[in-house]
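One structure coming up, written as structure tokens, with questions to follow.
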Amino acid sequence: MNLQGDYMRKHYQILSVLIALFLLTNGIVLPLNITAPPPSLPDQFIADIFPSTNTTVRLININTMITMNATDFSNKMEINFNGNYTLFNPEYTTNLTLILPFSLCMDVQNSTFDVSVNDTQIPFEVLSNTEENLTSTGINLDFLSRFVVHCPITLITSNLTLLENNSYIINYQFSGSIPKPLGFRNLFYMAYYLETARVWKGNLTQRVEFKVFGKLPIYSGGIDVDLQISDIQGGQSALFEWNKGKVESIYVGIIYYGPTSEDVFGIVFMVILNGLAYIAIISGVVIWLKRRKRN
């Protein structure tokens, strides 16, 4: 009876030690402090419209929505742009050429475009080219220094006749798909550029909304721009807006970081250290049990 009692006590002691060690080893968490690096310049962009020549026409309101479908982000990013720009002509009838520039790594040939004025479709031209070739056309593209330009630069141009003391809402729409968003530099940083709107006279109100579905990004915006983030079905909405005229912010946008070599090294380092910790603890248990048995 005593032998059986001693055996049971030893059995429970060993079992208790093993349970405690299991809980201890499972509680070991070696900290892995991996933070995203500060973003570099955006590599893709959409910019506000601007006139090809100086004008007294005023741009008084901008309301744009950029819808991004990132449900299959590793393979493609679908993008839909819808921008409304309200112009007011305070003086005599004016002929004006408007330009909306963007640089997105999407297949422009297989994308859809539409331009309308006061809900009536108008003729337009979509031209994609390199920075060097577009500069030779005389269009001011100095703002491209703000970006890491690696995709063709596309200009949507349209010619308008604006009557005196009339307002016009110019609507631009396009849809396309960006393959392998992280393929260029393991970073997808798409911005909406604001400074091209500063060439217009007078103040304006503006709102830029990103609707993102699937994989959610980090949002980038200036301190002088109000940002409201809200959940929507299947994704998130980020609204940037201001009503105080021209702002100091250069652009607002979204950022996706890809896995980095530091991430991989950190994970491997954590696995190795945790494995060594398990081996050390198990070895200690075995040595302790042998000594107990010997005694």
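The values are calculated or read from the model by the stated rules, or taken from the named source; none is laboratory data. Keep in mind it's a predicted model, so treat the numbers as computed, not measured. When we count neighbours, we look across all protein chains shown, and the Cβ atoms used for this are built from the backbone with ideal geometry, even at glycine. When the accessible area is computed, the model is the full protein with side chains, heavy atoms only, and any ligands, DNA or RNA have been set aside. Shrake-Rupley method; radii C 1.70, N 1.55, O 1.52, S 1.80 Å.
Can you tell me which condition Lys211 does not meet? The list is (1) within 27 Å of Asn75 (Cα to Cα); (2) modelled with pLDDT under 95; (3) open to solvent by less than 80 Å² (accessible area, probe 1.4 Å), and all the others hold.
Result: Lys211 fails condition (2) only.
Moving on. When you look at Asn186, is it open to solvent by 10 Å² or more (accessible area, probe 1.4 Å), within 22 Å of Leu98 (Cα to Cα) and either touching a His at 6+ places or on another chain (Cβ under 6 Å) or touching a residue at least 40 places away in the same chain (Cβ under 8 Å) (or both), yes or no?
Values: open to solvent by 10 Å² or more (accessible area, probe 1.4 Å): yes; within 22 Å of Leu98 (Cα to Cα): no; either touching a His at 6+ places or on another chain (Cβ under 6 Å) or touching a residue at least 40 places away in the same chain (Cβ under 8 Å) (or both): yes.
Taking the combined requirement at face value, the residue does not satisfy it.
Same structure again: Which residue out of Asn129, Asn80, Asn165, Asn171 is surrounded by 14 or more Cβ atoms within 10 Å (Cβ to Cβ) and in contact with a Pro (Cβ under 7 Å, 6 or more places away or on another chain)? Show your work before the answer.
Numbers: Asn80 fails: in contact with a Pro (Cβ under 7 Å, 6 or more places away or on another chain); Asn165 fails: surrounded by 14 or more Cβ atoms within 10 Å (Cβ to Cβ); Asn171 fails: in contact with a Pro (Cβ under 7 Å, 6 or more places away or on another chain).
Matching residue, one of Asn129, Asn80, Asn165, Asn171: Asn129.
Residue-by-condition table, conditions (1) at pLDDT 80 or above; (2) touching a Cys at 6+ places or on another chain (Cβ under 6 Å); (3) within 23 Å of Ile250 (Cα to Cα):
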| site | (1), (2), (3) |
| --- | --- |
| Gln121 | yes, no, no |
| Ser136 | no, no, no |
| Asn140 | no, no, yes |
| Ser145 | no, no, yes |
| Pro152 | yes, no, yes |
| Ser158 | yes, no, no |
| Leu163 | yes, no, no |
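Looking at the structure I just gave you, is Asp114 surrounded by fewer than 17 Cβ atoms within 10 Å (Cβ to Cβ), among the acidic types (Asp, Glu) and not in a loop (DSSP other than H, G, I, E, B)?
Details: surrounded by fewer than 17 Cβ atoms within 10 Å (Cβ to Cβ): yes; among the acidic types (Asp, Glu): yes; not in a loop (DSSP other than H, G, I, E, B): yes.
Criteria met by Asp114.
Name the residue, out of Ile66, Ile60, that is part of a strand (DSSP E or B), within 14 Å of Gln173 (Cβ to Cβ) and either hydrophobic (A, V, I, L, M, F, W, C) or at pLDDT 95 or above (or both).
Values: Ile60 fails: within 14 Å of Gln173 (Cβ to Cβ).
Selected residue: Ile66, the only one of Ile66, Ile60 that is part of a strand (DSSP E or B), within 14 Å of Gln173 (Cβ to Cβ) and either hydrophobic (A, V, I, L, M, F, W, C) or at pLDDT 95 or above (or both).
If you don't mind, there's one more thing I want to ask. Being of a type in the set (Gly, Ala, Ser), surrounded by fewer than 18 Cβ atoms within 10 Å (Cβ to Cβ) and closer than 23 Å to Met190 by Cβ is the requirement here; does Ser103 meet it? Step through it out loud before you land on a result.
Details: of a type in the set (Gly, Ala, Ser): yes; surrounded by fewer than 18 Cβ atoms within 10 Å (Cβ to Cβ): no; closer than 23 Å to Met190 by Cβ: yes.
No; evaluated as a whole, the condition is false for this residue.
Let me ask something else. How many residues does segment 46-76 contain that are out of contact with any Leu (no Cβ under 6 Å at 6 or more places or on another chain), within 17 Å of Phe102 (Cα to Cα) and open to solvent by 10 Å² or more (accessible area, probe 1.4 Å)?
5
Now for a separate question. How about segment 220-264: which strands (runs of 3 or more DSSP E) wholly inside it have at least 3 residues that are at pLDDT 90 or above and exposed (fewer than 15 other Cβ atoms within 10 Å of the Cβ)?
Details: elements: 226-232, 235-242, 251-257.
Once the strands (runs of 3 or more DSSP E) in segment 220-264 are filtered for at least 3 residues that are at pLDDT 90 or above and exposed (fewer than 15 other Cβ atoms within 10 Å of the Cβ), what remains is 226-232.
Looking only at segment 192-205, decide whether some residue is open to solvent by 30 Å² or more (accessible area, probe 1.4 Å), touching a Ser or Thr at 6+ places or on another chain (Cβ under 7 Å), in a strand (DSSP E or B) and among the polar types (S, T, N, Q). It would help to see each step written out before you state the result.
Of all residues in segment 192-205, those open to solvent by 30 Å² or more (accessible area, probe 1.4 Å) come to 195, 198-199, 201-203, 205.
Now drop any that are not touching a Ser or Thr at 6+ places or on another chain (Cβ under 7 Å), which leaves 201.
Those still in the list that are in a strand (DSSP E or B) too: none.
Within segment 192-205 (the criterion being open to solvent by 30 Å² or more (accessible area, probe 1.4 Å), touching a Ser or Thr at 6+ places or on another chain (Cβ under 7 Å), in a strand (DSSP E or B) and among the polar types (S, T, N, Q)), the answer is no, since none of the residues qualifies.
Answer with yes or no whether Ile170 is without any contact (Cβ under 8 Å) to a residue 12 or more places away in the chain, assigned to a strand (DSSP E or B) and hydrophobic (A, V, I, L, M, F, W, C). Before you say what the answer is, go through the steps one by one.
Working: without any contact (Cβ under 8 Å) to a residue 12 or more places away in the chain: no; assigned to a strand (DSSP E or B): yes; hydrophobic (A, V, I, L, M, F, W, C): yes.
So Ile170 fails the test.
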